[in-house]
1. Just for the stretch 212-243: of the residues that are small (G, A, S) and in a loop (DSSP other than H, G, I, E, B), which one is farthest from the chain's Cα centre (by Cα)?
2. Could you list all residues from the stretch 177-211 that are in a loop (DSSP other than H, G, I, E, B) and not hydrophobic (A, V, I, L, M, F, W, C)?
3. Which condition number does A222 fail, the rest of (1) closer than 23 Å to E264 by Cα; (2) touching a residue at least 40 places away in the same chain (Cβ under 8 Å) being met?
4. Could you tell me whether any residue of the stretch 251-270 is touching a Cys at 6+ places or on another chain (Cβ under 9 Å) and surrounded by 13 or more Cβ atoms within 10 Å (Cβ to Cβ)?
5. Just give me the residues in the stretch 43-73 being of a type in the set (A, V, I, L, M), closer than 16 Å to L170 by Cα and at pLDDT below 70, in sequence order.
6. Counting only residues that are surrounded by 14 or more Cβ atoms within 10 Å (Cβ to Cβ), at pLDDT below 90 and not assigned by TED's automatic domain parsing to the domain that holds Y215, give me the strands (runs of 3 or more DSSP E) lying completely in the stretch 74-176 with at least 2 of them.
Amino acid sequence: MKRIFAICLMALVVFGCEDLQQGTQGGNESENGNTPGTETLKFPTLWGIGEDSKPVFDKEGTEVSTFEIMSFNIFEEDLEGIEEHCDSLVWTVKDAEGSHIIVPNNNLVGKTNEWTHYFTKAGNYETYLDAWKGNEVIKRSVFYVKVKESRKDFLHMNWADMTRGSRKELSSALRQQSFKAYYHEDDAGHPYFEITVLGVLEDQQVLYDFITGTYGAPTLTADDKALMSYYQKYCLAKKADESPIAIWNHDPNLVVLISDDDEEGNPERYLLHVEQLTVIK
């Protein structure tokens, strides 16, 4: 069941917008610290979509789980008049690389400017909606997010909830690559996920870094003689044209970094193969 929570980032109302001169080039400040000309600048409403319904209007922020998709959007009509004060609005997460740029005058009347983000680690985060004019931030609104460890089985999903055709996309406006998880069942009824990466060429390293960042170092790698025998014994939904590169034994999941090979045994693509850890204890 999806939750919709509305996060109003209106100036001086919800979180208290900050007028900034930090890290800017030049810039004149009025006596009260505001950038001249921003007194009437009001931010649009930033709508956030999560999995449980809860409005958030305080500095304690909203609470989400790791790998829970947060989807944000701003209606174009809410941007009306903002171009008189700034060139763009930019959404960022403190201490994270990347940004999402919203251009007010982009001829999207009646549509939304929508983006998604997910957190991989528990913690307290600050996200910013900044108004930029030239090379300076002239106003900022802060949205606080508390991230807890997901209690679900894998990537904030439960095996018991999956059906044939279930899938999930992990994408973030702050990251170049996105991940897609597809649920399958083999002919014997063994359930498994296949996770692929989009947007990059070096998908083997990206997938390795992704799952290592979640589960830590692999249990077995290509340097371990036991890798193939372990894979053959415990991976129930394996395919003849796939070869294991590394294995993570992380209850309740068995994760295998796979090379999907052509007829001559050359890698065509890489993926993560995930099964329930029902045999190994």
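The values are calculated or read from the model by the stated rules, or taken from the named source; none is laboratory data. The structure presented is a predicted model; accordingly, all values stated were derived computationally and were not measured. Here the Cβ positions follow ideal geometry from the backbone for every residue, glycine too, while neighbour counts run over all protein chains shown.
1. Here is the first cut: in the stretch 212-243, the residues small (G, A, S) are 213, 216-217, 222, 226, 229, 237, 240, 243.
The next check asks that each one be in a loop (DSSP other than H, G, I, E, B); those that pass are 216-217, 222, 226, 237, 240.
Details: G216: 19, A217: 22, A222: 30, A226: 34, A237: 28, A240: 33 Å.
Checking each candidate, the answer is A226.
2. Taking the stretch 177-211 and keeping what is in a loop (DSSP other than H, G, I, E, B), we get 177, 186-190, 199-202.
Once the filter is applied, which keeps residues that are in a loop (DSSP other than H, G, I, E, B) and not hydrophobic (A, V, I, L, M, F, W, C), the stretch 177-211 yields Q177, D186, D187, G189, H190, G199, E202.
3. Condition (2) is where A222 drops out.
4. Here is the first cut: in the stretch 251-270, the ones touching a Cys at 6+ places or on another chain (Cβ under 9 Å) are 254, 256.
Narrowing the set further to residues that are surrounded by 13 or more Cβ atoms within 10 Å (Cβ to Cβ) leaves 254, 256.
Yes.
5. Initially, the stretch 43-73 is screened for residues of a type in the set (A, V, I, L, M), giving 46, 49, 56, 64, 69-70.
If we keep only those that are closer than 16 Å to L170 by Cα as well, we get 49, 64, 69-70.
Passing the criteria: only I49.
6. Details: elements: 88-93, 100-102, 112-117, 123-133, 136-148, 167-170.
Of the strands (runs of 3 or more DSSP E) lying wholly inside the stretch 74-176, those with at least 2 residues that are surrounded by 14 or more Cβ atoms within 10 Å (Cβ to Cβ), at pLDDT below 90 and not assigned by TED's automatic domain parsing to the domain that holds Y215 span 88-93, 100-102, 112-117, 123-133, 136-148.
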